[in-house]
Ligand code: SF4
């Protein structure tokens, strides 16, 4: 069974959030309320901080509900993939 994921991007990095994995530890919004604000919709605002700062906070998520990937790397992967 696939886990539901939600994605938020600023064009440079994409933050992936798995609501069912989130333990609501509050780490993310206590650490970076400018980006992670559960009282607002969308609750993750990618223009609230720099890419570096957002990634730093994503890495602190204790449950693994938050993860990220660089958009550039995804593009590179899809353009350099050998034809099957
Ligand atoms: S830090 Fe992770 S587990 Fe905690 S509220 Fe944020 S997303 Fe959920």
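The values are calculated or read from the model by the stated rules, or taken from the named source; none is laboratory data. These numbers were taken from a predicted model, which means no experiment stands behind them. Using ideal geometry, Cβ is built from the backbone for each residue, glycine included, and neighbour counts are taken over all protein chains shown.
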Self-check item: Selection count, the stretch 23-47, where residues are out of contact with any strand residue (DSSP E or B) (no Cβ under 8 Å at 6 or more places or on another chain), surrounded by fewer than 16 Cβ atoms within 10 Å (Cβ to Cβ) and assigned to a loop (DSSP other than H, G, I, E, B)
Solution: 11
Quiz item: What are the residues in the stretch 1-11 that are part of a loop (DSSP other than H, G, I, E, B) and either exposed (fewer than 13 other Cβ atoms within 10 Å of the Cβ) or within 14 Å of the ligand (Cβ to nearest atom) (or both), if any?
Solution: 1, 2, 3, 4, 5, 11
Quiz prompt | Enumeration of residues in the stretch 48-59 that are farther than 16 Å from residue 5 by Cα, in a helix (DSSP H, G or I) and within 11 Å of the ligand (Cβ to nearest atom) | solution = 57
Exercise. Scan 62, 19 and give me the residue that is modelled with pLDDT of 95 or more, part of a loop (DSSP other than H, G, I, E, B) and touching a strand residue (DSSP E or B) at 6+ places or on another chain (Cβ under 8 Å).
Key: 19
